[in-house]
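In what follows, a structure is listed as structure tokens, so that the remarks can point back to it.
The values are calculated or read from the model by the stated rules, or taken from the named source; none is laboratory data. Given the structure is predicted, the values throughout are model-derived calculations rather than measurements. Methodologically, a virtual Cβ is constructed for each residue, glycine included, from the backbone with ideal geometry; neighbour enumeration extends over all protein chains shown.
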Amino acid sequence: MGEFRFSPNFIERYTRMVHNMKRIFPTITAVLLGFAGVCGTSASAQQWQTVGPYGGDARSFAYSPADPSHILLGTTNSWVYETDDAQHWTRLSKIGTDDSLVIDNMVFDKSNPKRLMIGAWRLDRPDGGIYISEDEGHHWKPVDDMKGQSVRALSQAASDPKIFVAGTLAGIYRSEDGGATWKLISPMGSTELHEVESIAIDPVNPQVIYAGTWHLPWKTTDGGKTWQNIKQGLIVDSDVFSIIIDPKAPSTVYTSACSGIYKSIDAGASFKKIQGIPSAARRTRVLMQDPNNSSIVYAGTTEGLYRTLDAGQKWSLMTPSDIIINDIYVDPKNSQHILMATDRSGVLSSDDGSISFHAANQGFSERQVSTMVADPASPNTLYVGVLNDKRFGGVFVSKDGGQAWTQINAGLNGNDIFSLAMSPAGVLMAGTNHGVFRLRNDKWEIVDARVIETAHKVRHVNKKHHVTYTTEFVPVPDGKIEEAVHGVAFSGGKWYAATEEGLYSAEDPKFAWLGAVLYAESTEKNHASSAAKRSEIPFYGVAAYGNFVLANGQAGLFISPDQGKSWQSVPSPANWHRIRQVAVDANGDLWVGGRLGIAFSSNQGQSWQPVDVPINNISGLEYDQQLKRIVATSYDSDLVFGIDATAKHWNYWNPGWRTHIVGSSDGHMVAATLLHGVIVQQQKQVAAGSF
């Protein structure tokens, strides 16, 4: 399958937030389908299945009042999962039209277990809404009154199931007809009662509502006609993340804020800060009371789970402090059974009242897979790297084509994986946000070997922009590459690394890095300083096949026809401002992908020809050695295209998932999605090179 690389645009967007990436590009799937009979052929529909690695970000729980073992799980990308055994999860449905909605609130209607309500919001802008399902979550319809509202809290009145209250960035809304219509009950345009993060309704009197905002809590006793700021005892300007009311003693109210956890025994008239949970660098995102024992309260924080057995007098840390908890489920039939929805580690389960936890993620995959590579000596062995998961991430290996995964992260120190590459001899290298690592005896070690090489320079002048680009080949001073490595490639006995500070190469197995550090010297006449301004230029990707190496960076494209011994700058395709992806095929042709589509060069980059494939905004571009095709994907489409490297004809197929890395393993197509881990085609291809 060859090596796969993760584009720098993906890295930039994922580290900021992947949702920002997807909103930039309008979907063109319908347009693409219109090209099916024009210049390409469609593959027959085949079943694809998500196979992990399991885990990732989980946001919220809801369980059926008719059957507490039927649990729904909300995510950060519009999808809802379900389970009946709290171990195995199945994708149930999706709300909205894209993958940008955060599902922090799900409510089963107490009067009708088949009816559910979701409150959702978007990370990248104030948007979201309320969605209702009448068939246990299989299908959803948006509520017109709440379209565009960033819904951060949602609650149903225990004493009157027709009453719902929602908290949004704009204020507080109430429905008295089961969620069909909504009315703003906080003052219109209030400068205080907005950015509502939590809602609690008195279990006896639905006119009594508590609302936690990003700046202290509020209360109404008349259904929202008047509001009082209940801040006695709270530190000023505390963000209130969660409010719970003891159902057996409604005058007892707990609230969590950025300054700690508070308790009131007089219905919010005054609060007292509960001691025992350190407040430094910690936020309590959720409070949950044991439904069978009101003295037991759980606090899910950004630094682990805390538990009190005596109504808040003493708290104990029950998990490692690097667990970030978004929601908690306590089984009403068995309080020893607890689930946590977490960042990075997915769902964690306890059967002993939080004394110990284990992963419960089978079928739940919300991983941000950044790179993928197959072992050339073992067609069923795949390696993938993930982003943003710290000790729960790193690299995963599957030896059965993706059906089961094992984490390999010892020595990576929680680094993000940007690129993986493997030599024919089985040496696996990882480009990370802090250098290049090599896997040896199931442990990662940073590649460090001292070099003694003669430095030399190659100059390229961009007259239009008054900039001189100088490629300076220098030895790495201490043998280590410690900056971000966006791409790693191997060919002809040499390794190549595209980094934030230049392009490096090393002979295998010496790993003696020789750096091709690119500098830009401005010669602009109107420059503020008479002296030239010199700055390093990052490289975003590198591809290699045989003797040819192609690298793209901020300064453009560079090619080496002799395994990195010499380099020359080559022009980009006309009107292309930035290259996202590069590839080299077995014929020595060069391929590039970007916002304007795909182009190739058969003369070492001296001229470029566009490829007549109906996609732009290229997210993935790889040469698959098994299929002998260029495989391309787009940010805008679910379709995947395979381009014959010689004839330049293309086929396509639709896996039903938006992917950015596609290849083959033992005759199966395998791909990495934008948000949902790895997917595998269940049927083998008829023959290599055809879809």
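Of note:
- The single residue among 231, 225 that is farther than 22 Å from residue 283 by Cα and of a type in the set (Lys, Arg) turns out to be 225.
- Qualifying positions in the range 39-85 - at pLDDT 95 or above, polar (S, T, N, Q) and in a strand (DSSP E or B): 60, 83
- Cβ pairs under 9 Å, 6+ apart, first in the range 202-225 and at positive phi, second in a loop (DSSP other than H, G, I, E, B) and of a type in the set (Ser, Thr, Tyr): 216/238; 224/186
- Filter result for residue 270 (over 32 Å from the mean Cα position of the chain (by Cα) and without any contact (Cβ under 8 Å) to a residue 24 or more places away in the chain): no
- All positions within the range 113-136 that are surrounded by 14 or more Cβ atoms within 10 Å (Cβ to Cβ) and in a loop (DSSP other than H, G, I, E, B): 113, 114, 115, 123, 124, 127, 134, 136
- Criterion violated by residue 436 - all others in (1) buried (at least 17 other Cβ atoms within 10 Å of the Cβ); (2) of a type in the set (Val, Ile, Thr); (3) farther than 29 Å from residue 514 by Cβ satisfied: (3)
- Sole exception among (1) buried (at least 18 other Cβ atoms within 10 Å of the Cβ); (2) more than 14 Å from residue 64 (Cβ to Cβ) for residue 139, by number: (1)
- Of residues in the range 142-153 being among the hydrophobic types (A, V, I, L, M, F, W, C) and either in contact with a Phe, Trp or Tyr (Cβ under 6 Å, 6 or more places away or on another chain) or over 21 Å from residue 174 (Cβ atoms) (or both), the one surrounded by the most Cβ atoms within 10 Å (Cβ to Cβ): 151
- The range 291-324: number of residues that are within 35 Å of the chain's Cα centre (by Cα) and assigned to a loop (DSSP other than H, G, I, E, B): 10
- Within the range 356-379, being in a loop (DSSP other than H, G, I, E, B) and farther than 15 Å from residue 52 by Cβ holds for 356, 357, 375, 376, 377, 378, 379.
- Residue count for the range 383-420, restricted to those that are closer than 25 Å to residue 682 by Cα, part of a strand (DSSP E or B) and touching a residue at least 12 places away in the same chain (Cβ under 8 Å): 10.
Every residue, every condition in (1) of a type in the set (D, E, K, R); (2) closer than 20 Å to residue 143 by Cβ; (3) under 35 Å from the mean Cα position of the chain (by Cα); (4) not in a loop (DSSP other than H, G, I, E, B), yes or no:
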| site | (1), (2), (3), (4) |
| --- | --- |
| 180 | no, yes, yes, no |
| 188 | no, yes, no, no |
| 193 | no, no, yes, no |
| 200 | no, no, yes, yes |
| 204 | no, no, no, no |
| 207 | no, no, no, no |
| 210 | no, no, yes, yes |
| 217 | no, no, yes, yes |
